[in-house]
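Trainee: Dumping the structure here so I can ask a few things about it.
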Amino acid sequence: MLTSCSRFSRLLKSSDMNLKYNAAVEYYEKKKFYNALQLFEELVPLNRGTGKAEETYYYYSMCHFYINDYISAAYHLNNFVQQFPNSKHAEEAAFNNAYCYYLDSPGSSLDQQSTLDAIKQFQIFADRYPESPKLSECNKLVDELRAKLETKAFDNARLYYKMEDYKAAVVAFNNVIKDFPATNYKEECLFLSLKSAYLYATNSIDIKKEERFKSAIENYGKLVDAFPDTKFKREAEKIEKILEKINSDPEV
């Protein structure tokens, strides 16, 4: 161990750039990425414009990736593709650039900017490399990321409902269905949209109630049209009977 540390210290101090490069590649291949990174960090500017520039920057970018520094890795991998578009590593670098954003994407309860960035980068990758064998994996990851956005949107809508901001809840539940037509939350969105519309109308000033109760009835129709045997049938029908009664006798 002491011998290894001593060797690495000598390499850092060495002025022999070929020796440093070969040692950095050796560390990289042995998965000692922190050691490799320190050497490549010095070599990147020194090798710029030389025959080793491409390989040096590729290794340097991937070192960031393998030490889980995904923000830095994404930045450098993207730069690599811009600087060396015809490199044999360009396709891999472009995919890993997008994959960095995927790995940096947090749970659905947190801010989803990295999720949006990942989807964008995967789409750029697919456009740039339409014949890539990575496309299948790319599409699978995008589906996973969109599911996370879908859950985030549904949770936000449900939060409006729990906060009793029923007007915002109706809009939010409808937007989930609009933005994610095949969503697994569609049935619950339609039911909670109905319930929110009903509660919003109930709590409205008298002059606004009639119009809003009619809107709630329309939401009931959307639910039963899409899900005739909805699991929310009993409660939905109970609300619908109240709405029909109010509609036929506004004084109720």
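The values are calculated or read from the model by the stated rules, or taken from the named source; none is laboratory data. Treat the numbers as computed from the prediction; the structure is a model and nothing was measured. Neighbour counts run over all protein chains shown; Cβ positions are idealised from the backbone, glycine included. Side chains included, ligands, DNA and RNA excluded: accessible areas come from the protein's heavy atoms. Shrake-Rupley method; radii C 1.70, N 1.55, O 1.52, S 1.80 Å.
Trainee: Which residue fluctuates the most in the chain, going by a Gaussian network model with Cα springs under 10 Å, if the choices are LEU145, LEU37, LEU46?
Mentor: LEU46
Trainee: Right, next: What accessible area per residue, rounded to a whole number of Å², is obtained for the chain using a probe radius of 1.4 Å?
Mentor: 59
Trainee: With all protein chains present, how much of the accessible area of the chain (probe radius 1.4 Å) comes from carbon and sulfur, to the nearest whole percent?
Mentor: Answer for the chain: carbon and sulfur cover 50 percent of the accessible area.
Trainee: Rounded to two decimals, what is Rg over Rh for segment 1-147 when you use alpha-carbon atoms and the Kirkwood radius?
Mentor: 1.05
Trainee: If I take all pairs of Cα atoms in the chain, what percentage of them are more than 26 Å from each other?
Mentor: Of all Cα-Cα pairs in the chain, 58 percent lie more than 26 Å apart.
Trainee: Right, another one. Can you flag which of LYS120/LYS231; LYS32/LYS148; LYS52/LYS140; LYS20/LYS120; LYS140/LYS167; LYS162/LYS241 are past 32 Å Cα-Cα?
Mentor: Over 32 Å Cα-Cα: LYS120/LYS231; LYS32/LYS148; LYS52/LYS140; LYS20/LYS120; LYS140/LYS167.
Trainee: Let me ask something additional. Could you give the C-alpha radius of gyration of segment 18-87 expressed as a fraction of 2.2 N^0.38 Å, taking N as the number of residues it contains?
Mentor: 1.01
Trainee: When all protein chains stay in place, what accessible area (Å², nearest 10, 1.4 Å probe) is found for THR151?
Mentor: Near enough 30 Å² of accessible area.
Trainee: For the chain, with only Lys/Arg (+1) and Asp/Glu (-1) charged at the beta-carbon, what is the dipole magnitude about the Cα centre, in debye rounded to 20?
Mentor: Roughly 580 debye for the chain.
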